[in-house]
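Trainee: Below you will find the structure I want to go over with you.
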């Protein structure tokens, strides 16, 4: 997960996974290790030669 300046905010998964369906929970907040402000963030999905970057908007 990256902020609009390209700074890496979090890495949610950094390992190879076998084929299948996966779900990741991205927890943020004052009680978590990571506290984000409202704004636009980007995340990347990588699988083999596939790479896609998507935008998300986080609102508090």
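The values are calculated or read from the model by the stated rules, or taken from the named source; none is laboratory data. Not measured: the values here are computed from a predicted model. In this analysis, Cβ positions are derived from the backbone assuming ideal geometry, glycine residues included, and neighbour counts consider all displayed protein chains.
Trainee: Any idea which residue in the stretch 5-36 is modelled with the lowest pLDDT, counting only those that are surrounded by 10 or more Cβ atoms within 10 Å (Cβ to Cβ) and over 13 Å from the mean Cα position of the chain (by Cα)?
Mentor: Looking at the filtered set, the residue picked out is 32.
Trainee: In addition: Applying the selection to the stretch 38-60, what residues are surrounded by fewer than 10 Cβ atoms within 10 Å (Cβ to Cβ), farther than 17 Å from residue 4 by Cβ and at pLDDT 90 or above?
Mentor: 49, 50, 51, 52
Trainee: May I ask you to list pairs of residues, at least six apart or on different chains, whose Cβ atoms are under 8 Å apart, with the first in the stretch 14-37 being more than 20 Å from residue 2 (Cα to Cα) and the second being at pLDDT 75 or above and surrounded by 10 or more Cβ atoms within 10 Å (Cβ to Cβ)?
Mentor: 22/13
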